[in-house]
Amino acid sequence: MPPRPYNSETRRRKQAELRERIAAAAAELHAQQGAVATSNADIARQAGVSLPTVYSHFPSQDDLLGACTAHVASRAPQVPVEQILGAPDLRVATERLVDAADALNAHFAPWKAWREDRVIPFLARMSETARAQQTALIAQLLERHLGAGDHREVAAAWETLLSFDPWHRMVHEHGLPRPAVRRQLVQMLLAVVGPQPAARSHSRPRSTKS
């Protein structure tokens, strides 16, 4: 029986699987030793492929980092935007936002801890995009609970407090448990806003006991 012709769809699938294997190997090494210290030869060994195969799929560092970050991001917890913006009051919205930021910081910690967005332009651009997205979400939250107005200063402060470095310092350098860090962050964010009128807080009146 003559051999079956090689199916182009099968070839594309195998190439996609190989590309994903290389990206996963790069992500693992970048978590262990950082992207700067990881060579393509290291990645080839980790993935079990030849060095030319790595270059064939990822001709540039940006190509490789794009696939690596996509691999890591695809496994990250999703930000529950609708739940955050649909919260009944500012405190609940803040708690949900902090929970989401905590989950993301914990997921990306092995890579972000190397602070390589300070030395690799591709990662710097990704960090800037993430900052802009987080700030936009915060601005929506503030407008919903504080009303229309200029909330840029508060949004900038919130984005900074929720960013990776403060979280990493409290969790990994001071050794605080994550629930305690989340609690402290909620308090700090609300302190930036300051006391709110009862009508805006949507808080229920406390019941009085005789």
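The values are calculated or read from the model by the stated rules, or taken from the named source; none is laboratory data. Keep in mind it's a predicted model, so treat the numbers as computed, not measured. Reconstructed Cβ throughout: ideal geometry from the backbone, glycine too, with neighbour counts over all protein chains shown.
Ala23: without any contact (Cβ under 8 Å) to a residue 60 or more places away in the chain, surrounded by 12 or more Cβ atoms within 10 Å (Cβ to Cβ) and in a helix (DSSP H, G or I), yes or no? Walk me through it before giving the result.
Values: without any contact (Cβ under 8 Å) to a residue 60 or more places away in the chain: yes; surrounded by 12 or more Cβ atoms within 10 Å (Cβ to Cβ): yes; in a helix (DSSP H, G or I): yes.
In short, yes.
Restricting the search to segment 115-134, which residues are closer than 12 Å to Val36 by Cα, in contact (Cβ under 8 Å) with a residue 40 or more places away in the chain and in a helix (DSSP H, G or I)?
Across segment 115-134, the qualifying residues are Glu116, Leu123.
Residue-by-condition table, conditions (1) in contact with a strand residue (DSSP E or B) (Cβ under 9 Å, 6 or more places away or on another chain); (2) more than 30 Å from Arg183 (Cα to Cα); (3) not polar (S, T, N, Q):
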{"site": "Ala44", "(1), (2), (3)": "no, yes, yes"}
{"site": "Thr53", "(1), (2), (3)": "no, yes, no"}
{"site": "Ser56", "(1), (2), (3)": "no, yes, no"}
{"site": "Asp62", "(1), (2), (3)": "no, yes, yes"}
{"site": "Ala67", "(1), (2), (3)": "no, yes, yes"}
{"site": "Leu85", "(1), (2), (3)": "no, no, yes"}
{"site": "Ala93", "(1), (2), (3)": "no, no, yes"}
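One line per residue, one yes/no per condition, for (1) small (Gly, Ala, Ser); (2) more than 30 Å from Leu146 (Cβ to Cβ):
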site: Gln15; (1), (2): no, yes
site: His57; (1), (2): no, yes
site: Leu65; (1), (2): no, yes
site: Gln78; (1), (2): no, no
site: Leu85; (1), (2): no, no
site: Pro88; (1), (2): no, no
site: Ala93; (1), (2): yes, no
site: Arg96; (1), (2): no, no
site: Leu104; (1), (2): no, no
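Restricting attention to segment 138-172, which residues are in a helix (DSSP H, G or I) and over 22 Å from Ser127 (Cα atoms)? I'd like the intermediate steps shown before the answer.
Taking segment 138-172 first, the residues in a helix (DSSP H, G or I) are 138-146, 152-162, 164-172.
Passing the criteria: Leu142, Glu143, Arg144, His145, Leu146.
Give segment 35-64 a look and list any residue that's under 19 Å from the mean Cα position of the chain (by Cα) and touching a residue at least 60 places away in the same chain (Cβ under 8 Å), or say none. Walk me through it before giving the result.
So in segment 35-64, the residues under 19 Å from the mean Cα position of the chain (by Cα) come out as 35, 62, 64.
Selection gives Ala35, Asp62.
Any idea which of Thr38, Thr94, Thr53 is at pLDDT 95 or above and not in a helix (DSSP H, G or I)?
Working: Thr94 fails: not in a helix (DSSP H, G or I); Thr53 fails: not in a helix (DSSP H, G or I).
Result: Thr38 is the single residue among Thr38, Thr94, Thr53 that is at pLDDT 95 or above and not in a helix (DSSP H, G or I).
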